[in-house]
Amino acid sequence: MLAFESADQLLAEPPARRFLHVVILNAVRDLATRLEVRFGEDGGLLYYRVEDRDWELAPPPDDVYPLLKDAVREASRLVSPERPDLSVVYGVPGARYEPLECGWLTYQLGGECLDLLVRIDPREPFGSIRFDLDPAGAAAFAAAAGQALAEYAAALTAGEIELSGEQ
């Protein structure tokens, strides 16, 4: 479960969990129906789907990128199916079949909960993380998500002012 209680709580989270909070809050605020991180050799691609159109977002930071799958696993209730004993006869030599890890991530915001369907493709260094959002459920959270993001942005700005010594 991920829970947004305050901007200070979010700032105290580890970087990968904080990144998850921010992208989920943005997706909910913008009424996205899907959020996906695709992994590759050179980093990740992040996009979400709004009104049946895919929008590419800024990629995950390099220090956060390798930690995302584990952060999602920790926050979610997943079913990790056993890998069947089979041989891949077509494709990359030595390839193995890796079934998806599926389950739910509950996001708590303002005392209310929103469940997101989660699918993790565990292949390394590739694979993906996909979240599917219920449009009706997310719509009820959109205003609260926008408010939480504004609070977080204000806390970040205040922290930068304090670090620079300005008043």
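Rule-based calculations on the coordinates, nothing more; no lab input. Everything numeric here is computed off the predicted structure, so don't read it as measured data. A quick note on method: Cβ atoms are made from the backbone with ideal geometry, for glycine too, and the neighbour counts reach across all protein chains shown.
Sequence-ordered 3J(HN,Hα) estimates for segment 6-11 from the Karplus curve with 6.51, -1.76 and 1.60 and θ = phi - 60° stand at 6, 5, 5, 4, 5, 5 Hz, glycine and proline given as x. Just add up the charged neighbours of Leu25: K/R +1, D/E -1, any other residue whose Cβ is under 14 Å from the Cβ of Leu25. Neighbour charge sum, excluding Leu25 itself: -2. Applying 1/(1 + (r/R0)^6) with R0 = 25 Å to the Cβ-Cβ distance of Asp54 and Ala12 gives a FRET efficiency near 0.15. Count Lys and Arg as plus one, Asp and Glu as minus one, and take only other residues whose Cβ is under 13 Å from that of Tyr48; the net charge is then -1.
Given a Förster radius of 45 Å and the C-beta distance between Ala140 and Asp62 as r, what FRET efficiency does 1/(1 + (r/R0)^6) yield to the nearest 0.05? Result of the calculation: an efficiency of 0.80. Would you grab the residues whose amide H sits under 5 Å from the one on Ala3? Only those 5+ places off in sequence or on another chain, please, with H modelled 1.01 Å from N. So Ala3 has HN proximity to Gln108. The helix-only estimate of mean residue ellipticity at 222 nm for the chain, built from DSSP H runs of length n ≥ 4 each weighted as -39500 (n - 2.57), is -11500 deg cm²/dmol after division by the residue total. For Rg and Dmax of the Cα atoms in Å, the candidate list reads (1) 17.3, 52; (2) 17.5, 65; (3) 27.7, 87; the entry that matches the value derived from this model is (2).
For the chain, the membrane-span-like helices by this rule, meaning whole DSSP H stretches whose C-alpha atoms cover at least 24 Å of axis and whose Kyte-Doolittle mean is 0.0 or above, are 135-164; this says nothing about an actual membrane.
Simple point charges give the picture: +1 on the Cβ of Lys and Arg, -1 on the Cβ of Asp and Glu, and for the chain a dipole about the Cα centre of about 500 debye. Counting only chymotrypsin sites (Phe, Trp or Tyr not before Pro) that DSSP places in a loop and that have at most 16 other Cβ atoms within 10 Å, the longest clean stretch of the chain runs over 1-89.
Just to be sure I follow the definition: excluding the sites themselves, where is the longest run in the chain that has none of the GluC sites (Glu not before Pro) in a DSSP loop with at most 16 other Cβ atoms within 10 Å? Segment 83-165 is the longest.
Under 8 Å for C-alpha pairs, at least 6 residues apart: give me the relative contact order for the chain, rounded to a whole percent. Computed over the chain, the figure is 29 percent. Only one residue of Pro99, Val22, Gly110 has its Cα farthest out toward the positive end of the dipole of the chain, where Lys and Arg carry +1 and Asp and Glu -1 on Cβ, and that residue is Pro99. As a rough footprinting exposure proxy, the listed residues Cys102, Cys113 were ranked by other beta carbons within 10 Å of their own, and the order from fewest upward is Cys113, Cys102.
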